[in-house]
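**Student:** Quick one: this structure, given as structure tokens, is what I'll be asking you about.
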Amino acid sequence: MSTSRIALVTGANQGLGRALVAGLAARMRAEDVVLLTGRDASRVSVAAEEIRRSPDTVARVEGRVLDVSRPEPVATLAEELRERHGGVDVVISNATARLLPDVSQAAQADEFIDVANGGTHAVLRSFAPVLRPGGRLLVVASSLGTLGHLPEGVRPLFDGASLDQVERVVESWRSAVHHGTSDEAGWPLWLNLPSKVAQVAAVRAVAAERRARDLADGTLIASVCPGMVDTAASRPWFTDYSSAQSPEQAARAVLDLVLAPSTDPALYGELVRFGEVLPWHGGTQPTEQEALLVP
């Protein structure tokens, strides 16, 4: 069994994911391994090589192609890391698909849901079981991921749901989007809202099953909000970048949580923003602009 710490970041060939890999590689030990994963082999290779060449890099960086929208390759990689290293110590589920303002929400629904929600489900199902004691599994979500941001009629669908139930709700919502009945069913127009709440609900479901044993050995499972980040994905939606963080700035609070020698049990299973819990039942329904822009 490996004594090296093993870290993995999904959606990591650009933006926040890449900054998280670079930060881990700079702050972990020389014997540790950081896996930079993404769907495009060429971009993964280039990003990993550029981080390896950075004078700040200490840990070993490996690029791996991983399409989180399909559960099979996620499960295969988790099993490989279990066999090679005895498990993993850090997993950050960051992959998401880009939404474009000039394309209908329905036309973008499948890719967005497959990556953001299907990817979250796949990572939780495959990597939570191979997380070593004291490990960290974080899902990058949003401050919009609390129940109060949804219309009242659909909030109970996620409250206290198991992971299987969350997956079924997501598929029901997807079907409503494609059939043009999402408004009738009580869903908001913008894909970002149910998707983020579903991500946080999925984390809460897995955390509820593991809480006692994870707290006993210092393991943390949580969702995180990095704040507004200036990336290629967010730029089409806003024109004032003055309050947005660079990916490197946004990565710091996430990395501080990941690499802290101990964590507050109050953070376990919760949505965390800059070290503080965002209450699950909190939030208010946003305006259309807020739904698009709030990270």
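The values are calculated or read from the model by the stated rules, or taken from the named source; none is laboratory data. Just so it is clear, the model here is predicted, and its values are computed rather than measured. Please note: Cβ atoms are built from the backbone with ideal geometry, for glycine as well, and neighbour counts cover all protein chains shown.
**Student:** Take the residues in region 1-30 that are β-branched (Val, Ile, Thr) and either in a strand (DSSP E or B) or touching a Lys or Arg at 6+ places or on another chain (Cβ under 9 Å) (or both); name whichever of them is surrounded by the most Cβ atoms within 10 Å (Cβ to Cβ).
**Tutor:** 9
**Student:** Name the single residue, out of those in region 38-67 being of a type in the set (Gly, Ala, Ser) and assigned to a loop (DSSP other than H, G, I, E, B), that is nearest to residue 4 (Cα to Cα).
**Tutor:** My answer is 59.
**Student:** Looking at 74, 88, 103, 115, can you tell me which residue is over 23 Å from residue 50 (Cβ atoms) and at pLDDT below 95?
**Tutor:** Sole residue among the options that is over 23 Å from residue 50 (Cβ atoms) and at pLDDT below 95: 103.
**Student:** Can you name the residue in region 237-246 that is modelled with pLDDT under 65 and surrounded by 13 or more Cβ atoms within 10 Å (Cβ to Cβ) and, of all such residues, is farthest from residue 101 (Cα to Cα)?
**Tutor:** 238
**Student:** Quick one: how many residues across region 153-168 are in a helix (DSSP H, G or I), within 21 Å of residue 284 (Cβ to Cβ) and in contact (Cβ under 8 Å) with a residue 12 or more places away in the chain? Outline the logic, then answer.
**Tutor:** Residues of region 153-168 that are in a helix (DSSP H, G or I), as a first pass: 153-157, 163-168.
Keeping just the survivors that are within 21 Å of residue 284 (Cβ to Cβ) gives 153-157.
From the residues that got through so far, the ones that are in contact (Cβ under 8 Å) with a residue 12 or more places away in the chain too are 153-154, 157.
Number satisfying all stated conditions: 3.
**Student:** Further, regarding this structure: If you check 22, 78, 109, 48, which single one turns out to be of a type in the set (Gly, Ala, Ser) and without any contact (Cβ under 8 Å) to a residue 40 or more places away in the chain? Please lay out each step first, then the result.
**Tutor:** Numbers: 22 fails: without any contact (Cβ under 8 Å) to a residue 40 or more places away in the chain; 78 fails: without any contact (Cβ under 8 Å) to a residue 40 or more places away in the chain; 109 fails: without any contact (Cβ under 8 Å) to a residue 40 or more places away in the chain.
48 is the lone residue from the list that is of a type in the set (Gly, Ala, Ser) and without any contact (Cβ under 8 Å) to a residue 40 or more places away in the chain.
**Student:** So, in region 21-52, how many residues would count as being among the small types (Gly, Ala, Ser) and more than 29 Å from residue 114 (Cα to Cα)?
**Tutor:** Total satisfying the criteria: 2.
**Student:** If you don't mind, there's one more thing I want to ask. Identify the single condition in (1) under 23 Å from residue 269 (Cα atoms); (2) of a type in the set (D, E, K, R); (3) buried (at least 20 other Cβ atoms within 10 Å of the Cβ) that residue 211 does not satisfy, given that it satisfies every other one.
**Tutor:** All conditions are met except number (3).
**Student:** Which helices (runs of 4 or more DSSP H) sit wholly inside region 68-140 and have at least 2 residues that are of a type in the set (S, T, N, Q)?
**Tutor:** Correct list: 105-113, 119-127.
**Student:** I'd like to know if region 128-147 contains one or more residues that are more than 30 Å from residue 260 (Cα to Cα) and either surrounded by fewer than 15 Cβ atoms within 10 Å (Cβ to Cβ) or of a type in the set (S, T, N, Q) (or both).
**Tutor:** Taking every residue of region 128-147 in turn, none turns out to be more than 30 Å from residue 260 (Cα to Cα) and either surrounded by fewer than 15 Cβ atoms within 10 Å (Cβ to Cβ) or of a type in the set (S, T, N, Q) (or both).
**Student:** Can you spot a residue in region 176-192 that is in contact (Cβ under 8 Å) with a residue 12 or more places away in the chain and under 28 Å from residue 220 (Cβ atoms)?
**Tutor:** yes
Results for (1) at pLDDT below 95; (2) crowded, with 23+ Cβ neighbours inside 10 Å; (3) closer than 29 Å to residue 265 by Cα, shown as yes or no for each residue.
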position: 160; (1), (2), (3): no, no, yes
position: 171; (1), (2), (3): no, no, no
position: 175; (1), (2), (3): no, no, no
position: 181; (1), (2), (3): no, no, no
position: 215; (1), (2), (3): no, no, yes
position: 223; (1), (2), (3): no, yes, yes
position: 226; (1), (2), (3): yes, yes, yes
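**Student:** Can you find even one residue in region 122-141 that is farther than 24 Å from residue 80 by Cβ and in contact (Cβ under 8 Å) with a residue 24 or more places away in the chain?
**Tutor:** Restricting attention to region 122-141, the residues satisfying the condition of being farther than 24 Å from residue 80 by Cβ are 141.
If we keep only those that are in contact (Cβ under 8 Å) with a residue 24 or more places away in the chain too, we end up with 141.
Yes, that holds for at least one residue.
**Student:** Find all pairs meeting these conditions: Cβ atoms under 6 angstrom apart; at least six residues apart or on different chains; first residue within region 247-272 and within 20 Å of residue 207 (Cα to Cα) and at pLDDT 95 or above; second residue of a type in the set (D, E, K, R) and part of a helix (DSSP H, G or I).
**Tutor:** Taking only residues 6 or more apart or on different chains, the pairs are 259/27; 269/204.
**Student:** With the condition kept exactly as written, say whether any residue in region 35-43 is at pLDDT below 95 and either of a type outside the set (A, V, I, L, M, F, W, C) or buried (at least 24 other Cβ atoms within 10 Å of the Cβ) (or both).
**Tutor:** Looking through region 35-43, none of the residues is at pLDDT below 95 and either of a type outside the set (A, V, I, L, M, F, W, C) or buried (at least 24 other Cβ atoms within 10 Å of the Cβ) (or both).
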